[in-house]
Amino acid sequence: MAASTTTARTTHDVLIIGAGFAGLYAVHKFRDQLGLDVLAFDAAGDVGGTWYWNRYPGARVDIESVHYSYSFDEDLQQEWHWTEKFCAQPEILSYLGHVADRFDLRRSIRFNTRVTGLTWDDDAAEWELRTDRGGVHRAKYVISGAGTLSVPKKPEFPGVEDFRGEVYLTGNWPHDEPSFEGRRVGIIGVGSSGIQAISELAKTAGHLTVFQRTPNYATPIGNEPTDPAEEAANKAGYRRIREASRNHFLGVPYTDVQPSALAVSAEERRRVFDDRWNRGGFRLFIDAFGDILFDKAANDTAADYIRDRIRERVHDPATAELLCPTDYPYGTKRPPLETDYYEAYNRDDVELVDVKANPVAEITPRGVRLADGTEHELDCLVLATGFDACTGPLLAMNIVGRDGLALTEHWADGPQTYLGLMSAGFPNLFMITGPQSPSVLYNMPLAIEDHVDFAADAIAHLRQSTLDVIEPEADAERAWVEHTNELAQATLLPTSPTSWYMGANIPGKPRRVLVYLGGAPAYRAKCAEIVHNGYQGFRLTGSAALVTA
Ligand code: N01
């Protein structure tokens, strides 16, 4: 494991924040491929990022593992064997551990070390990074791989600290697997995390109470053991598969999307929806009809279809209706993928409580009390209440750029970025899968590789000259923010009242789209054009130190 000693003051070429998919690849890229001196940090005790923290029962990937994996090393993708189509958290964590071993990455990472401050020193033209272990580290370049969903939403229920039972956060799950056998368990939240956890908790808890505010459009994941013939074909065709993925909106090599749900007969629509439902993954969402995310009438056809399927699976009609989303379009919140989720509600020991009609008033020492005074007594409470997505991890690090400008100030009305990768006034700081990039609407490992490669190319480009500072121009940034907002307005996303894609899940958070909605191919083409035009929209300069050297 990591070196546990912290050198109080060190200087490097590149500082890297995080040891998840982004940080690990960045260490390899900058240290082993560019030959730079790097140091990385992670608050966790080992590598894994999101897969280190999210160990709750049922945690599983929602993009096929064969696609949700690194593409940068042919030997790596040939030698690794995924046991299932959609692997569970322990296997993804093993994969990242294997990557760390294979490329000897841990020696460049300080674990159990949280970044608490990052300040740009204009005179030296370098960043100073501070940690909670008292370390002060300097470098010309900083790569943030701090993640998009790594800051859990703070529990917003009064009294939670007085609860006499155990409280668990899905996004910060204990390493000693808690036992729920025979216990009265409550869970708040039915997003992707809650839905995965509920399916598993229902099997072991003595009684499970699900506190649901907004039901979700969950569809079958379609998980199965890896088919050896398919695996062999994938390994033989990885090059083509990765290329097809990078040319797809979501970064997966799906090819069956039809233009419009409204252009086909009801029978054909049903056939397509049935086919995608049965094949699982995000096929219903992204590989059925191209207008589902853009046209309300098209969206209604998919939403109606999903509601019908929910009603087929849940025996009690009143419970089924409560589980049917009605007040926001399908896909405007990330659609959860499930295994036997709806069947959990057919058990006598699982109870669904509507906390939209009757909100949670407080957590009492005994359990959860609702607005009408009803108290649900519990032994354990699981909070699956989501994350301060996309901007949260960056804003948590006390980043201060040029002229003392705090990132919190620059982003007071929502994120301001160029390409979702850099921000004006914050030179040489690359935000991997940052806000206003495709990030969570692209296949994350590929999105990460694209961004790390962009940063590495930019730094290599600077190092070939007497330049060493890259920063977006304010006009280019304004235009990018406007562009991402316009793209969002052309979709149904802004109509969801609680979607984290729009920052709407956190009270007081500015309502601004956090994801680039033009799709991965358009985004990649834009980045390539910008580089081709000499890093158009970026200002490339030489620091005084370099020029006088
Ligand atoms: O969080 P969420 P998540 N009272 O924000 C409820 C990724 N992920 O952790 O909708 C009552 O989606 C909230 O209710 P509402 C994936 O990208 C991937 O589940 O605000 N309820 C909602 O039901 C995903 O989208 C996987 O009304 C409250 C839930 O908590 C993202 O992470 C697995 C509440 C939060 O849902 C986030 O998912 C897991 C309150 N005060 C996660 N506050 C994969 O499959 C919140 N809620 C790879």
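Just check region 135-255 against the gyration tensor rule for me: Cα atoms, a ≥ b ≥ c as the square roots of the eigenvalues, rounded for a/c under 1.5, and otherwise prolate or oblate depending on whether a/b exceeds b/c. It is oblate, given that a/c is not under 1.5 and a/b is not larger than b/c.
Value of Rg to Rh for region 456-549, rounded to two decimals, is 1.12; Kirkwood radius and Rg both from alpha-carbon coordinates.
Here the contact order of the chain, divided by its residue count and restricted to Cα pairs under 8 Å and six or more residues apart, works out to 19 percent. In terms of overall dimensions, the chain has a Cα radius of gyration and Dmax of 23.5, 77 angstrom. Phi angles of region 250-256 translate, via the Karplus equation with coefficients 6.51, -1.76, 1.60 and θ = phi - 60°, into HN-Hα couplings of 9, x, 10, x, 8, 9, 9 Hz per residue; Gly and Pro are given as x.
Between region 175-231 and region 58-72, the alpha-carbon centres lie 18 Å apart. Distant-in-sequence amide contacts of V382, defined by a placed amide H-H separation under 5 Å and a gap of 5 or more residues or a different chain, comprise Y168, G186, I187, I188.
Order 422-431, 132-141, 10-19, 153-162 from most to least packed using the mean count of other Cβ atoms within 10 Å.
Working: 422-431: 25.7, 132-141: 18.7, 10-19: 24.1, 153-162: 14.5.
The densest-packed peptide leads the list: 422-431, 10-19, 132-141, 153-162.
Would you kindly calculate the mean projected area, averaged across all directions, of the convex hull enclosing the Cα atoms of region 209-355, in square nanometres?
For region 209-355, the mean projected area of the Cα convex hull comes to 10.2 nm².
Pairs K29/K509; K153/K509; K154/K356: which exceed 23 Å Cα-Cα? All intermediate terms of the calculation are to be shown ahead of the outcome.
Numbers: K29/K509 34 Å; K153/K509 12 Å; K154/K356 19 Å.
Table pairs above 23 Å Cα-Cα are K29/K509.
A short reminder: the numbers here are calculations on the coordinates, not readings from a lab. If you're wondering where the values come from, they're calculated on a predicted model, not measured in any experiment. Cβ sites come from the backbone with ideal geometry, for glycine too, and all protein chains shown count toward neighbours.
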